[in-house]
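Q: Got a structure for you, written out below as structure tokens; questions coming shortly.
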Amino acid sequence: MNDRSKKAISASALELARKVLAIEADAITGLISRLDERFLDAVGLILACRGRVVVSGVGKSGHIARKIASTLASTGTPAFFVHAAEAGHGDLGMITRDDVMLALSN
């Protein structure tokens, strides 16, 4: 591949990366107007939780739920992930009345 081709590929890759980041930034900015009292309620429940935060989801939501549980646990909030489809096969026994459940869905 010659230098001209490399420069063209680099320019198009940069353009694509900038477009992707702009789309993602717009999506995050769009969430601002959606924050309301329900968000505050959820935060309050997590802050007042005497047990653990149990995060659950299936599919892509499950991947995100697992990451949220991991981040919470690594930053000092006791948390763990429960796969929603497997919860009824014994995993519900890990959840106590002092826990808070965060269930994700698309």
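The values are calculated or read from the model by the stated rules, or taken from the named source; none is laboratory data. Only a predicted model underlies this, so the values are computations on that prediction, with no experimental measurement involved. So basically every Cβ, Gly included, is an ideal-geometry build from the backbone, and we count neighbours across all protein chains shown.
Q: Can you tell which of SER61, SER56 is part of a helix (DSSP H, G or I), modelled with pLDDT of 95 or more and either of a type outside the set (A, V, I, L, M, F, W, C) or out of contact with any Lys or Arg (no Cβ under 6 Å at 6 or more places or on another chain) (or both)?
A: The match here is SER61.
Q: Considering each of ARG38, ARG50 in turn, give the residue that is free of Cβ contacts under 8 Å to residues at least 24 places away in the same chain and either within 11 Å of MET101 (Cβ to Cβ) or charged (D, E, K, R) (or both).
A: Just one listed residue meets the conditions, ARG38.
Q: Only one of SER61, SER56 is in contact with a helix residue (DSSP H, G or I) (Cβ under 7 Å, 6 or more places away or on another chain), hydroxyl-bearing (Ser, Thr, Tyr) and surrounded by 10 or more Cβ atoms within 10 Å (Cβ to Cβ); which?
A: Selected residue: SER56, the only one of SER61, SER56 that is in contact with a helix residue (DSSP H, G or I) (Cβ under 7 Å, 6 or more places away or on another chain), hydroxyl-bearing (Ser, Thr, Tyr) and surrounded by 10 or more Cβ atoms within 10 Å (Cβ to Cβ).
Q: For the range 74-97, how many residues are within 16 Å of VAL43 (Cα to Cα) and either in contact (Cβ under 8 Å) with a residue 24 or more places away in the chain or of a type in the set (A, V, I, L, M) (or both)?
A: Final tally of qualifying residues: 3.
Q: Now for a different question. Pick from LEU40, LEU104, LEU45, LEU72: which is surrounded by 10 or more Cβ atoms within 10 Å (Cβ to Cβ), modelled with pLDDT of 95 or more and in contact with a Ser or Thr (Cβ under 8 Å, 6 or more places away or on another chain)?
A: Only one candidate passes the filter, namely LEU104.
Q: Conditions first: (1) in a helix (DSSP H, G or I); (2) among the hydrophobic types (A, V, I, L, M, F, W, C); (3) within 16 Å of ASN106 (Cα to Cα). LEU40 passes all but one, so which condition is the exception?
A: (3)
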